[in-house]
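> Have a look at this one before I ask anything.
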Amino acid sequence: MGPRCLGVDIGGTKTRVGVVDADRRVLDVRQAPTPARDGPRAVLEVVAGLGRALGGRWADVAACGVGTAGVVDPAAGRIVASTEAIAGWAGVPIVQQLSVLLGLPVRVDNDANAFALGEAAGGAARGRAHVLAVTVGTGVGGGLVLGGRLWRGAHHNAGEIGHLPVPGFGDRRCTCGADGHLESVSAGPAMAARYQRLAGDVVGFAEVARRAEAGEGPAVEVVEEGGGVLGQLLAGLVNAVDPESVVVGGGVAVPAGRYWAAAERHFHRHLLPAVAGVPLLPARLGGDAVVVGAAELARSGLPGPPP
């Protein structure tokens with residue numbers, strides 16, 4: 001039986017901290033609003049408070065892992081770049097500060113990487129060494145696990161599939177400021193904005209998806225376009241990277257309905273024969289994926305048993 005670890009998911013609106021055992025089971029979890037406008041110290045104090053509350057119940061916690069938005073340098077233990085979803089987050093030495101607050105060794109990575117590690121270690125792709133994992137919600141993010149290890153790339157930027165260019169969609173402005181990226185076609189807010197232009201009605205993506213299931217023309221067009229483009233680009237990545245499976249999660253990619261069906265259809269249509277059997281799997285861990293992946297990150301940094 002391996003050690004229990006804390007897994008932390010720091011989001012722009014809420015922070016979740018869980019105790020995860022060596023079988024990747026979440027034994028206990030606490031969450032609180034993220035004080036995103038109050039600065040990094042306030043955010044880390046919330047994490048530490050939740051962690052200490054859990055530590056009082058689970059005294060054998062050995063380490064802490066953190067998944068957070070932004071470009072992260074895991075070796076330096078700091079945020080390299082970030083949006084202002086959390087004020088002043090860029091440049092924060094999370095490992096240094098949080099290890100002092102918690103009295104535990106700490107490791108940190110991007111939340112999409114933590115999601116990928118969680119689903120590979122204890123979710124839909126458990127037991128597979130080569131995994132492409134994607135989240136689709138307000139944005140599109142991803143992570144690559146190759147040979148059982150996270151692949152971060154030369155600049156800590158691997159997995160940013162939301163910013164793959166999509167030919168023919170140059171009229172769609174991406175959140176990064178460029179035009180025609182996957183996120184500007186397949187993410188929830190992008191599809192809601194597209195629906196507004198087509199139907200003249202301002203509604204959120206959940207309502208667009210409901211109307212698509214009811215067969216409303218503009219909603220069907222938007223949802224099937226978004227899912228189809230996602231599936232096509234995922235197939236291209238599979239052809240190039242050759243994973244054993246692709247896992248898709250997030251609030252938009254519900255494994256039912258027109259979005260998922262369109263993604264699956266275009267995914268399988270564009271796979272090369274050698275990778276035709278690679279499955280497109282719905283994520284299994286839900287809101288715990290980042291927590292499980294962050295705890296796995298923490299566990300991987302602990303010394304192994306003596307020979």
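The values are calculated or read from the model by the stated rules, or taken from the named source; none is laboratory data. Because the structure is a prediction, the values reported are computed rather than measured. Note that each Cβ is placed from the backbone with ideal geometry, even for glycine, and that neighbours are counted across all protein chains shown. To get the accessible areas, we keep the full protein, side chains included, count just its heavy atoms, and leave off ligands, DNA and RNA. Shrake-Rupley method; radii C 1.70, N 1.55, O 1.52, S 1.80 Å.
> Can you tell me how the range 100-143 classifies by the Cα gyration tensor, rounded, prolate or oblate, using a/c under 1.5 as the rounded cut?
oblate
> Once you have the alpha carbon radius of gyration of the range 118-173, what is it after dividing by 2.2 N^0.38 Å, with N set to its residue count?
With N residues counted in the range 118-173, Rg over 2.2 N^0.38 Å equals 1.32.
> Still on this structure, I have one more. In the range 1-74, what trypsin sites (Lys or Arg not before Pro) fall in a loop by DSSP, with at most 14 other Cβ atoms inside 10 Å?
Arg25, Arg57
> Test of understanding: express the Cα radius of gyration of the range 84-181 as a ratio to 2.2 N^0.38 Å, with N the residue count.
Normalised by 2.2 N^0.38 Å, the Cα Rg of the range 84-181 equals 1.28.
> Quick one: angle between helix 188-199 and the longest Cα principal axis of the chain, in degrees between 0 and 90, rounded to 10, please.
Compared with the principal axis, the helix lies near 20 degrees.
> Take every DSSP beta bridge with both residues inside the chain and express the antiparallel ones as a percent of the total, to the nearest 5. Walk me through the intermediate numbers first.
Details: 27 of 46 bridges.
Around 60 percent antiparallel, to the nearest 5.
> If you roll a 1.4 angstrom probe over the protein chains with everything in place, what fraction of the accessible area of the range 156-307 belongs to carbon and sulfur, to the nearest %?
56
> Kindly provide the Kirkwood hydrodynamic radius of the range 191-264 in Å, to one decimal, from all pairs of distinct alpha carbon atoms. Kindly include the intermediate steps, with their values, before the conclusion.
On the way: mean 1/r = 0.0780 Å⁻¹.
Here the Kirkwood hydrodynamic radius works out to 12.8 Å.
> One quarter of the convex hull surface, Cα atoms only: what value does that give for the range 1-123 in nm²?
Projected area, direction-averaged: 6.7 nm².
> List the chymotrypsin sites (Phe, Trp or Tyr not before Pro) within the range 257-302 that fall in a DSSP loop (any state other than H, G, I, E or B) and whose Cβ has at most 15 other Cβ atoms within 10 Å.
Within the range 257-302, no chymotrypsin sites (Phe, Trp or Tyr not before Pro) qualify (loop, at most 15 other Cβ atoms within 10 Å).
> Further question: Please work out, to two decimal places, the log10 of the ratio I(q)/I(0) at q = 0.25 Å⁻¹ from a Debye calculation in which every Cα of the range 169-216 carries one identical scatterer.
The computed values of log10 I(q)/I(0) come out as -0.89.
> May I ask you to derive the relative contact order of the range 98-140, considering only C-alpha pairs under 8 Å and at least 6 residues apart, and to give it as an integer percent?
About 26 percent, as a whole number.
> Taking Cα pairs under 8 Å and at least six residues apart, what relative contact order does the chain come out at, in percent?
Computed over the chain, the figure is 21 percent.
> Quick one: ranking His156, His266 by accessible area, 1.4 Å probe, largest first, what do you get?
His156, His266
> Moving on to the next point. Which one, [x] 34, 56, 10, 0; [y] 29, 51, 18, 2; [z] 30, 50, 15, 5, 0, gives P(r) over Cα pairs in 20 Å bins from 0, in percent as derived from the coordinates shown?
Identified label for the calculated read-out: [x].
> Per residue of the range 147-160, in order, report the coupling 6.51 cos²θ - 1.76 cosθ + 1.60 (Karplus, θ = phi - 60°) as ³J(HN,Hα) in whole Hz, putting x for Gly and Pro.
x, x, 10, 5, 9, 9, x, 6, 10, 6, 10, 4, x, 7
> Given R₀ = 30 Å, FRET efficiency for Gln196-Arg269 by Cβ-Cβ distance, to 0.05?
0.55
> Shifting gears a bit: Full extension from Arg57 to Glu207: what is 0.36 nm times the residue separation minus their Cα-Cα distance, to one decimal in nm?
Extending this stretch completely gives an extra 49.9 nm.
> Let me ask something else about it. Taking only Cα atoms and a 10 Å spring cutoff, compute GNM fluctuations for the chain and point out the largest among Val166, Val17, Val140.
Val166
> If I take R0 = 22 Å and measure r between the Cβ atoms of Ala261 and Ala214 in this structure, what FRET efficiency does the formula 1/(1 + (r/R0)^6) give, to the nearest 0.05? Write down the numbers at each step before the final one.
Details: r = 15 Å, r/R0 = 0.69.
FRET efficiency, Ala261 to Ala214: 0.90.
> Taking 0.36 nm per intervening residue step and subtracting the Cα-Cα distance, what contour gain separates Asp171 from Ala81 on full extension?
So the extension gain works out to 29.7 nm.
> Please work out whether the range 225-307 counts as rounded, prolate or oblate from its C-alpha gyration tensor, where a ≥ b ≥ c are the square roots of the eigenvalues and a/c under 1.5 means rounded, while otherwise a/b larger than b/c means prolate and anything else oblate? Before the final figure, lay out each step's value.
On the way: a/c = 3.49, a/b = 1.68, b/c = 2.08.
Verdict is oblate for the range 225-307.
> Sticking with the crude label model, points 7 Å out along Cα→Cβ, report the distance from Ala276 to Val241 in nm, one decimal please.
About 2.4 nm, to one decimal.
> Follow-up. Report, in deg cm²/dmol and to the nearest 500, the calculated mean residue ellipticity at 222 nm for the chain, where each DSSP H run with n ≥ 4 adds -39500 (n - 2.57) and the sum is divided by the residue count.
Rounded to the nearest 500, the figure is -11500 deg cm²/dmol.
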